[in-house]
Every structure is written in C-alpha cells, then in structure tokens.
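J.: Dropping the structure in here first, questions after.
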Amino acid sequence: MGKTGKQNHEVKNIICGIIVCTALGGFTALAEEPAEYSLQQMVVTATRYEKADLDTPASTTVITQKELKEKGYNTVFEAIEHTPGASAYAYATGGEGYGGMYARINLRGFDKGTLVLVNGMPVNLKNYNSIISAIPVSAVDHIEIVRGSNAVMYGTQAIGGVINIITKTTQSGKPSASISGELGNYNSHYEAGITTDRLVLGVRKEYMDSFPYMNKLFSQSTDRKYKDKETRDSAFMSYRLTDELTLNYAYSQLNSHFKAYKYDGTTGGWTKLSKNYFYKDDQQTGSLIYRNQSGLRSAVSYTADKFRAHGGSDSSTDEHSYTWDTQKEWNVGAGNDVLIGGFTMGKEYFRQNSGDHTGSFSRNSYAPYLSYTKNWNQRFSTILGARANFVEKNTYDASQRISLPQIQTLYKIRDNLSWYINVGKAFQMPDTGSPFYGTRVSHAVKLNPEKSWNYETGMKYDDGMQSLKLAVFHMNVKNMFKWVKEDTVIADGDPNTYIQINADRFKNTGIEAVYGRRINDAWSWNVSATWADPKSKEDGSSWSQETAKQQYTAGLNYHKGKWTADLDLLALAEQPMSNYTRTGKSASSAGEDHRIDNRYDINFTARCQVTPQDSISAGFYNILNRKNPVNIYEYYELPFNFRIGYSHNF
C-alpha cells in the first residue's frame with residue numbers, strides 16, 4: 001500500500017474508533033431533553049426570512065454560541081473550517097495570512113467564491129473573506145453557513161455559498177459584565193465586556209508566540225519561514241439606538257513579524273537571515289440596521305482594510321466597500337405565502353500606494369431582487385427567485401448586466417423528514433486589486449464575469465433525538481479568470497505586460513452527509529463526511545485537483561452539572577498536489593510529483609463552572625502534534641498547543 005493509501009486508511013481507522021466508542025455509549029438511558037443537533041432551530045440566511053432548518057431548501061449548518069464556547073475556538077475562522085464542505089486556505093492556525101497573502105474560507109472547493117456577511121451585510125474585500133478574523137469569537141451569537149449558490153439573494157461572490165456571522169444583541173434585565181483570559185504556550189488573550197438593555201461592548205488583547213518552522217523544508221535551497229511574535233487588538237460594539245435601529249461595529253489591528261532564513265553551510269542549518277518583514281493590518285466593519293414589525297429591513301454597511309508593511313517590504317494598500325440594502329417582506333396568498341422584494345447598491349474601492357504601479361480603482365453596482373415562496377399545501381412548497389445585477393463601466397471592466405434565476409422546492413415526506421431541490425445561477429467580478437497585479441497590466445481585454453450553475457438535492461431528518469442531512473451537488477463554473485502575458489493573446493502585445501482573460505473552468509460534484517445524536521442527558525456525538533471532486537482546467541490542459549477530495553469531522557460532547565467536555569476530529573484526505581516538487585522546485589515548471597500530506601486535527605476542551613460567576617477551562621489542540629499542511633505551499637498549522645482559561649461574570 002502506497003503512502004496515500006496508508007493515510008486514507010488511517011483516516012478511516014480514527015473515525016471508526018470515535019464512532020464505535022461513542023456508539024457504545026448510546027445504550028445508556030435515553031435523553032428527555034431536546035437534541036442539540038435539532039433541525040428545528042431557525043435560520044434566516046438561506047431565504048432572507050426566518051424558517052426552521054428542516055423547512056429550508058438548502059444545505060445549511062448553524063454554529064451556536066454554545067458550540068463556539070464549548071469547543072474553545074480562538075477565531076471564527078477556526079470554527080468555520082471544521083464544518084462540512086469548508087476548506088481553509090491559510091498560512092498558519094486560525095486563519096492567519098502571510099503579509100499581503102490573505103487567508104480565506106472556501107465552500108465546496110471554489111477559491112474566492114464564498115461570500116461572508118456580518119449581520120446580513122457583505123464584508124468581502126478583493127473577493128477575499130479574510131476579514132472574518134476581525135470579529136472576536138466572544139462577539140458572535142451564532143454563525144449560519146449556507147452551501148451552494150446564493151447569488152440571487154446576495155449578489156456577487158456567492159458561488160460556493162454564504163457565511164453569515166450574526167453578532168450578539170442587547171438583553172433585557174439587569175446589566176452584566178465579564179472578564180476572561182487564557183494563557184497558552186502559543187496563544188494567550190485577555191478580554192472584557194459589558195451588556196445592558198442598549199449596549200454590548202467588548203475589547204480583546206491577543207498575544208501570539210513565535211513559530212520558527214512555518215513551512216516544509218524540501219531542500220537546502222528552500223527558505224525557512226519564521227513567524228515572530230504577534231499581537232492583535234480587537235473591539236466590538238452593538239448599540240440599540242431605538243427599538244428599530246441598531247448600530248454595530250468591529251475593529252481589529254494585527255501587528256505581525258515574519259522572517260525568512262536561508263541555509264548556511266557554515267552552521268549546517270537555516271540560520272542566514274534573508275528577509276525581515278513587519279506588517280500592520282487594520283480591519284473594521286460596521287453597519288446601521290433598521291428593522292420594523294411590518295417586514296421592512298434597511299441597512300448600510302462599511303468595511304475597510306488598511307495594510308502597511310515595512311522592513312523588507314514597503315507594500316501599502318487601502319481598500320473599502322459601502323453597501324446599502326433594503327428589503328420588504330409581505331405575507332400574501334391568505335397569509336400562507338411570502339414575497340420578498342429588495343434593492344442593493346454597492347461600491348468597492350482599492351488603492352495601491354507602493355511599488356512601481358500605484359493608483360486607485362473603484363467599482364459601482366446595483367441590483368433589484370425578488371423571491372416568492374409558494375406553499376401549495378402543508379407538504380409542498382416552491383421558492384422562485386430572480387436578481388438583475390448591474391455593474392457600471394469603469395477603467396478595467398465593461399458594463400455588465402447579469403440575470404440570476406433560482407428555483408427551490410421542498411417536500412415534507414413526514415413532519416420530521418423533508419426532501420429539497422435547489423438550482424441557481426451565480427457570478428463573480430474580478431477582484432478590485434486586478435489593475436495592480438503587476439508593474440504593467442493591460443486593459444485591452446474586457447472580462448466577462450465568472451458564471452456558475454449550481455445544482456443540489458438533499459434530505460433532512462430530525463426525530464428530536466437525532467438528525468441527519470444528506471446533500472448531492474454539482475457546480476459548473478465557466479469564464480474563470482486567468483493571468484497571461486499580453487503577447488500570447490494580442491497581436492504585437494507586450495511580452496512584459498500581464499493581462500487577465502476568461503480561460504479557465506471549475507467543476508465539483510460531491511456528497512455531504514451530517515449526522516448528530518444525543519445519547520442521554522449528558523452525552524452527544526456527531527459525524528460528517530464529504531466526498532467531492534473539486535477540479536479546475538485551463539484551455540488546452542487537463543483537469544487538476546483544487547482542494548481535498550475527502551473531509552471528515554467527528555465530535556463527542558459531554559455536559560452534566562458543572563462540567564463540559566468536547567473532543568473533536570477534523571480529517572482531510574486525498575489532498576491536492578503540492579506547489580513544489582520533493583526537491584523544492586516549482587511544480588508548474590518541473591512537474592508535480594506529490595500530494596500535500598493528509599491533515600488530522602484532534603482537539604480536546606473542558607470547562608468547569610466552579611460558581612455561578614466563575615469558570616475555568618482548558619484546551620488542547622493538534623494533540624497528535626502533526627505537521628499538518630494548511631495550503632499547497634505546505635505551510636504548517638501550529639504544533640501541539642494548549643490554553644488554560646478563567647472567566648468571571650459580574
């Protein structure tokens with residue numbers, strides 16, 4: 001058996017072991033309380049109005065505030081990458097970037113095609129969703145993840161799916177406050193917060209220790225990447241101005257330091273400093289949301305990223321976006337059906353302040369949209385959606401008019417079993433940094449948007465004790481963007497000038513299965529499996545794999561009295577090919593010769609509520625101490641690490 005075969009066999013053994021151990025516990029007394037994995041919880045992102053998960057015709061996942069706390073996630077990024085169908089592209093643990101190279105979360109394998117919302121408003125910049133790192137976990141009420149096309153509801157970039165981070169709101173009754181902190185061998189943080197009937201306010205200070213070996217060392221010609229100590233300051237506020245108007249704001253400043261070392265024959269190690277970069281990244285997002293009892297919702301939002309580098313790099317960029325969205329919900333058809341109409345306007349802006357090619361670029365767009373839910377009877381319903389997206393002409397893009405249809409059906413086979421179909425079209429424009437891709441960029445070719453048709457059918461089951469979700473999907477993306485030299489596509493073109501064209505394709509066909517069960521009043525467990533074939537193709541070339549073909553998650557949860565404990569597994573198998581050969585050469589020129597290693601993450605967290613006001617916690621991460629790759633360049637996540645925490649509520 002080859003290395004890949006052995007690794008895949010290890011994945012199955014680990015998963016089978018967890019399933020067997022947890023299943024054996026299932027013969028104890030059955031629970032009387034509702035299942036933690038109930039599909040009766042409400043979701044709003046998939047349809048823009050509140051529906052039970054079981055009645056929603058889309059593949060969905062909800063990460064609750066309780067799960068975020070019990071699993072000990074340090075960032076929102078970590079929480080999302082442990083969900084079915086999600087793939088993370090990062091340069092370390094928790095969604096860290098590497099200077100100007102952004103981390104991101106992708107749903108169903110399509111890079112830069114996942115739209116992130118905060119309280120229903122888009123926050124992607126340059127088609128990246130890395131700003132999720134600016135939202136402190138402690139500020140999150142819950143996260144809704146909708147896999148599959150959602151462009152009719154939310155517009156550009158929602159090809160693989162939508163992630164909606166819904167933050168905490170004010171509470172009635174007596175004001176409360178809290179302080180907490182965690183100490184660890186790599187990550188430590190301290191935070192404080194207050195909540196009143198009008199205000200939620202939180203601040204957080206985070207310290208990250210050095211990570212001397214970030215990447216795989218293929219040969220003596222490979223640079224050793226070194227992440228030095230970092231700090232992140234973040235804050236979140238939600239202020240209820242009136243009963244119908246709420247102001248939300250989140251801010252984050254990351255100060256990072258990266259080094260690169262070359263091999264030194266004199267010392268016999270990677271000790272010769274070759275690069276020394278310092279980065280400062282300020283991210284912020286805010287929204288003003290109006291919502292009344294008659295179904296009207298209107299919101300404006302602002303998202304910005306200010307990036308500065310010094311030392312070995314002088315990179316400097318500014319980017320921001322504005323969005324205004326208004327929607328109205330009507331109950332029609334004797335109150336049995338729902339009609340939603342809305343209008344969105346957006347402006348994206350990017351400025352390159354350094355290098356040989358400086359300047360700015362902006363894009364304006366607007367779109368009306370409609371969605372009509374027809375309940376034919378108590379068992380069968382249909383949702384018809386349409387969006388007309390208009391993009392104004394600018395220095396880089398031609399004007400665009402994109403029509404987006406969507407049809408969804410749901411049939412309740414029984415009260416606890418539903419079957420749905422979801423078919424929709426999606427699109428994506430080039431990122432706003434494209435005009436500054438290189439020193440010379442040609443505008444001679446006006447691009448068409450990337451366009452995708454997504455097809456999905458699935459079933460959902462929930463009997464109050466256990467839940468099961470199955471989904472089968474197919475994605476077909478055309479007109480993918482590709483960078484080439486100008487002389488390869490234009491007669492008398494400049495061989496030193498880059499130009500972006502529509503040339504590539506992407507496909508993904510797969511199956512997702514998620515099962516959760518509560519064993520008794522203390523124990524519950526869950527497993528998920530995703531088998532897919534995410535691949536892309538350039539004109540005249542063969543298909544190449546984009547992300548892992550297999551993803552497995554498993555969890556065992558204990559909660560009784562003062563104690564809570566959680567054991568989690570994430571496994572990625574049949575990973576894509578490495579960007580480097582085994583000797584450290586570029587695979588694009590020397591030829592691919594190996595896949596990146598499979599990834600196995602096992603984490604354990606425990607918490608004790610010592611008093612009604614005080615709790616202590618402990619988290620142990622990457623327990624196997626594996627060098628798990630987090631991208632095709634074979635950067636590693638953190639080795640085994642731990643955090644010990646304390647929290648006090650006033």
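J.: Cut-off under 16 Å on the C-alpha distance; same-chain residues fewer than 8 positions from Lys259 excluded. Which lysines are left, in chain and number order?
T.: Qualifying lysines at Cα under 16 Å: Lys216, Lys225, Lys227, Lys229, Lys272, Lys275, Lys280.
J.: Counting each DSSP H run of 4 or more residues in the chain as -39500 (n - 2.57), what helix-only mean residue ellipticity at 222 nm follows after dividing by all residues, to the nearest 500 deg cm²/dmol?
T.: Numbers: 5 runs with 42 residues, N = 650.
The per-residue figure over the chain is -2000 deg cm²/dmol.
J.: Pop the C-beta distance of Ser294 and Asp337 into the FRET formula with R0 = 22 Å and round what comes out to the nearest 0.05. Let's see the in-between values first.
T.: On the way: r = 17 Å, r/R0 = 0.77.
Rounded to the nearest 0.05, the efficiency is 0.85.
J.: Residues with amide H under 5 Å of Tyr580's amide H, sequence separation 5 or more or different chain, H placed in the peptide plane at 1.01 Å from N; which?
T.: Placed amide hydrogens put Ala587 under 5 Å from Tyr580.
J.: Moving to a separate point now. Quantify, in whole percent, the carbon and sulfur part of the accessible surface of the chain (1.4 Å probe; protein heavy atoms only).
T.: Numbers: 15020 of 27220 Å².
The nonpolar share, carbon plus sulfur, comes to 55 percent.
J.: Oh, and also: Alpha carbon centre of segment 47-67 versus segment 225-284: separation in Å?
T.: Rounded to whole Å, the Cα centres lie 33 Å apart.
J.: According to the Kirkwood expression over distinct Cα-Cα pairs, how big is the hydrodynamic radius of segment 428-584, in Å?
T.: On the way: mean 1/r = 0.0510 Å⁻¹.
After inverting the mean inverse Cα-Cα distance, the result is 19.6 Å.
J.: A follow-up question, please. Restrict the search to segment 375-425; then list the trypsin sites (Lys or Arg not before Pro) that DSSP places in a loop and that have at most 16 other Cβ atoms within 10 Å of their Cβ.
T.: Details: sites: Arg379, Arg387, Lys393, Arg401, Lys412, Arg414, Lys425; in loops: Arg379, Lys393.
Sites meeting the loop and neighbour criteria: Arg379, Lys393.
J.: Next question. Identify the chymotrypsin sites (Phe, Trp or Tyr not before Pro) of segment 522-588 meeting these criteria: DSSP loop state and at most 14 other C-beta atoms within 10 Å of the C-beta. Numbers along the way, then the final one.
T.: Numbers: sites: Trp523, Trp525, Trp531, Trp543, Tyr552, Tyr558, Trp563, Tyr580; in loops: Trp543.
Taking segment 522-588 and a limit of 14 other Cβ atoms within 10 Å, the loop chymotrypsin sites (Phe, Trp or Tyr not before Pro) found are Trp543.
J.: In whole Å, how far is the Cα centre of segment 563-606 from that of segment 506-526?
T.: Segment 563-606 and segment 506-526 have Cα centres spaced 22 Å from each other.
J.: With respect to the cross-link table entries Lys485/Lys507; Lys412/Lys469; Lys69/Lys168; Lys446/Lys482, which display a Cα-Cα separation exceeding 22 Å?
T.: Values: Lys485/Lys507 26 Å; Lys412/Lys469 14 Å; Lys69/Lys168 14 Å; Lys446/Lys482 13 Å.
Among Lys485/Lys507; Lys412/Lys469; Lys69/Lys168; Lys446/Lys482, the Cα-Cα distance tops 22 Å for Lys485/Lys507.
J.: Separate question: Note down the accessible area of Asp55, probe 1.4 Å, to the nearest 10 Å².
T.: 50 Å²
J.: Could you list the trypsin sites (Lys or Arg not before Pro) in segment 215-245 that lie in coil according to DSSP, counting only those with at most 15 other Cβ atoms within 10 Å of their Cβ?
T.: Values: sites: Lys216, Arg224, Lys225, Lys227, Lys229, Arg232, Arg240; in loops: Lys216, Lys229.
Answer by residue number: Lys229.
J.: Continuing with the same structure: Give me the accessible area of Thr231, 1.4 Å probe, in Å² rounded to the nearest 10.
T.: 40 Å²
J.: Where does the longest stretch of the chain lie that holds no GluC sites (Glu not before Pro) found in a DSSP loop with 11 or fewer other Cβ atoms within 10 Å?
T.: Working: sites that count: Glu32, Glu50.
Between the exposed loop sites, the longest stretch runs 51-650.
J.: On to the next question. What ³J(HN,Hα) values, in whole Hz, does the Karplus curve 6.51 cos²θ - 1.76 cosθ + 1.60 give for segment 341-354 when θ = phi - 60°, with x put for Gly and Pro?
T.: Residue by residue, segment 341-354 yields x, x, 9, 10, 10, x, 9, 10, 9, 9, 9, 9, 9, 10 Hz.
J.: For segment 66-121, report the translational diffusion coefficient in µm²/s to the nearest whole number, using Stokes-Einstein at 20 °C, 1.002 mPa s, and a Kirkwood Rh over Cα pairs. Write down the numbers at each step before the final one.
T.: Working: Rh = 12.1 Å.
Rounded, D is 177 µm²/s.
J.: Averaged per residue, what accessible area in Å² does the chain show with a 1.4 Å probe, protein chains only?
T.: Numbers: 27220 Å² over 650 residues.
Using a 1.4 Å probe on heavy atoms only, each residue of the chain averages 42 Å².
J.: Now, a different point. Cross-link candidates for Lys478: which aspartates and glutamates have Cα within less than 16 Å, leaving aside residues fewer than 8 places away along the same chain?
T.: Within the straight-line limit of under 16 Å, Lys478 reaches these aspartates and glutamates: Asp111, Glu450, Asp504, Glu538, Asp539, Glu546.
J.: How big is the accessible area of Ser294 in square angstrom, nearest 10, if you roll a 1.4 angstrom probe over the protein chains?
T.: 70 Å²
J.: R0 = 35 Å: FRET efficiency of Ala192 with Leu245, Cβ-based, nearest 0.05?
T.: Details: r = 26 Å, r/R0 = 0.75.
About 0.85, to the nearest 0.05.
J.: Turning to a different aspect of this structure: Restricting to Cα atoms and excluding each atom paired with itself, what does the Kirkwood estimate give for the chain in Å?
T.: On the way: mean 1/r = 0.0387 Å⁻¹.
With all distinct Cα pairs of the chain included, I get 25.8 Å.
The values are calculated or read from the model by the stated rules, or taken from the named source; none is laboratory data. Nothing here was measured: the structure is a model prediction, and the numbers come from that model. Note that each Cβ is placed from the backbone with ideal geometry, even for glycine, and that neighbours are counted across all protein chains shown. Keep in mind that these areas ignore ligands, DNA and RNA; they rest on the heavy atoms of the full protein, side chains included. Shrake-Rupley method; radii C 1.70, N 1.55, O 1.52, S 1.80 Å.
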